[in-house]
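Worksheet: one structure, shown below.
Laboratory data are not the source of any read-out in this text; all were calculated from the coordinates shown. In this text the structure is predicted, and so the values were computed from the model without any measurement. Glycine also receives a Cβ, built like all others from the backbone with ideal geometry; neighbour counts cover every protein chain displayed.
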Amino acid sequence: MTGSIAEPVTDLHNHDSGEARSVAIILDGNARWAEARGLPVSEGHREGTRAVRRTVEAAIELGIRSLAVYAFSTENWTRPPEEVTDLMEIFGETIERELPDLAEQGVRTRFVGRRDRAPEELRERMERLERETDGNDTLLLWIAFDYGGREEMVHVARRLAEDGVPAGEIDEAAIVARLYAPDLPDPDLLIRTSGELRLSNFFLWQLAYAELVFVETLWPDFGEADLRSALGEYARRRRRFGGR
């Protein structure tokens, strides 16, 4: 992973104002969107990348500082081989065609998760985009790629063992320091599209106190109005963090 972001994580949280400055989204519904239109699943995924771009642009407009999207899970490798191949190609296309324009708007992109199973050319594109956007600070875009929450916890446990941390010294700070992206701020709000009501192994540690909003919209149809609506619902809630 690349180095730490200069801005402290705590600066991205604004619990008292009712505003969600750190948002995570589970992108769901690409296949159903394509099937409803008689299109190949790959077209649903391509349309989904366009939804990512317009949602990031909307997030900038709405003052969100950190946006994390769940793009490809560790379990997604079990999909049909041709779909996985298409997805790898689409990720590469997205890095080359969609994300550079966002970079010009000040978006810094980071990839969260494993990389060893991705094609070499895709890994190189990911690393190059991270280097090229390293100094941007308008919005932090985290793309969870080959990511699984349980696998991340296994990764943390292995790191603790390798580092020889005594059991009595293992606390939340020790765990956070060994996450895939220690500087990723805990999301204030999680949005999941397509009407599904589950976390699907996404950010199991980071979402401990996030507010959850589930929307019926399929991801390729998601846009600024949906994001505004979810933020509005978040603003109406009172976060207690275990207190009263």
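Structural remarks
- Here the average projected area of the convex hull drawn through the C-alpha atoms of segment 178-244 stands at 5.7 nm².
- Measuring r between the beta carbons of ARG54 and ARG150 and using R0 = 25 Å, the FRET efficiency lands at 0.20.
- Listed values for segment 155-162 are Karplus-derived 3J(HN,Hα) couplings in whole Hz (6.51 cos²θ - 1.76 cosθ + 1.60, θ = phi - 60°), namely 4, 4, 4, 5, 5, 4, 5, 4, and x replaces Gly and Pro.
- Its residue count N fixes a reference of 2.2 N^0.38 Å for segment 28-169, and the Cα radius of gyration divided by that reference is 1.16.
- Seen from all directions on average, segment 137-215 presents a Cα convex hull projection of 6.5 nm².
- Remark: segment 140-147, residue by residue, has Karplus-estimated 3J(HN,Hα) of 9, 9, 9, 10, 7, 10, 6, 10 Hz, where x stands for each Gly or Pro and the curve is 6.51 cos²θ - 1.76 cosθ + 1.60 at θ = phi - 60°.
- Amide H partners (placed H, <5 Å) of LEU212, local residues excluded: LEU190
- Taking only alpha carbon atoms, the chain gives an Rg to Rh ratio of 0.95, where Rh is the Kirkwood radius.
- Dividing the alpha-carbon radius of gyration of segment 96-228 by the rule-of-thumb value 2.2 N^0.38 Å gives 1.19.
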